[in-house]
Amino acid sequence: MKKMSLFVSAVLMMLTGLAHAHGPVRAKLTATITIDAPAAKVWDVIKNYGDMSWHPDIKSVSGGGNDKGAVRTLTLQGGGSITEELKSHDDAKMAYKYKITDMSSTGTIKHAGQDEKIPVLPVGNYAAELSVADKGGKAEIEWVATYYRAYVNNNPPAELNEEAADKAVTDVLTTGLEALAKKLAPGSSAKVAIELKR
């Protein structure tokens, strides 16, 4: 009996350890804003995959085009770059999907005896969809991103953990949607709603 209780205790301790030391878990972050502007007018501003001049964090874009497989490279205001591939583009549905294929890094840190690069966006396997829908004459803009944290092993450093990934993605999406609201509905008090699922 004593051996059995020791075995059960050992199994419970092992399971508790696994719960705290897990690998990356896929996140889905949805950012939504509704603004007082026609959906078609909003789509006109964001539909060109090679133009992100509406996003204040993007300094310039090279490449683009609205055909599947088109590649664009974003140069960021704070330095660094992100390369993305267009997965689909649908004018009728006012939506496009894309995926990050490459990123520059902001430097390296030492973690668990290894040098780890810190990407400009601390995520891995990032894909997103940007869409506009008509809601009674107003435009609902939705930006959905799915991603993992940047560090693939257990016990990530703070710079590459889930919290860092969530904060960075939230900042990118919120900043972009707020900028669209200011551009297309000046004086708007619309706020971005964030939903995070894991």
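Bear in mind that the values in this text are calculations on the coordinates, not laboratory data. Treat the numbers as computed from the prediction; the structure is a model and nothing was measured. Using ideal geometry, Cβ is built from the backbone for each residue, glycine included, and neighbour counts are taken over all protein chains shown.
Quick notes on this one:
- If the chain linking D57 and T75 were pulled fully straight, counting 0.36 nm for each residue of separation and taking away their Cα-Cα distance, it would gain 5.6 nm.
- Computed from the alpha carbon positions, the gyration tensor of region 92-133 leads to an equivalent ellipsoid with semi-axes of 33, 8, 7 Å, biggest first.
- Legend: P(r) of region 41-118 from all alpha carbon pair distances, 5 Å bins from 0, whole percents, reading 3, 15, 21, 21, 15, 10, 7, 5, 3, 1, 0.
- Potential extension, K68-D171 segment - 0.36 nm per residue separation minus Cα distance: 34.4 nm
- Using only side-chain charges placed at the Cβ, +1 for Lys and Arg and -1 for Asp and Glu, the dipole size of the chain relative to its Cα centre rounds to 580 debye.
- Checked against a 29 Å cut-off, the cross-linked pairs K47/K197; K28/K68; K28/K183; K110/K191; K41/K117 give Cα-Cα distances beyond that limit for K110/K191; K41/K117.
- The fraction of Cα-Cα pairs per 5 angstrom bin, counted from 0 for region 24-197, comes to 1, 9, 16, 21, 20, 15, 9, 5, 2, 1, 0, 0 percent, rounded to whole percents.
- Scanning the chain for long hydrophobic helices, with DSSP H runs required to stretch 20 angstrom or more by C-alpha along their axis and to average at least -0.5 on the Kyte-Doolittle scale, returns 2-20, 162-184.
- Isotropically averaged projected area of region 125-198, using the convex hull of Cα atoms (one quarter of hull area), nm²: 5.9
- Extended-chain gain in nm, criterion 0.36 nm per residue less alpha-carbon gap, S189 and E140: 16.2 nm
- Projecting the Cα positions of S62, A179, L160 onto the charge dipole of region 24-197 (unit charges on Cβ atoms of Lys, Arg, Asp and Glu, taken about the Cα centre) puts A179 furthest along the positive direction.
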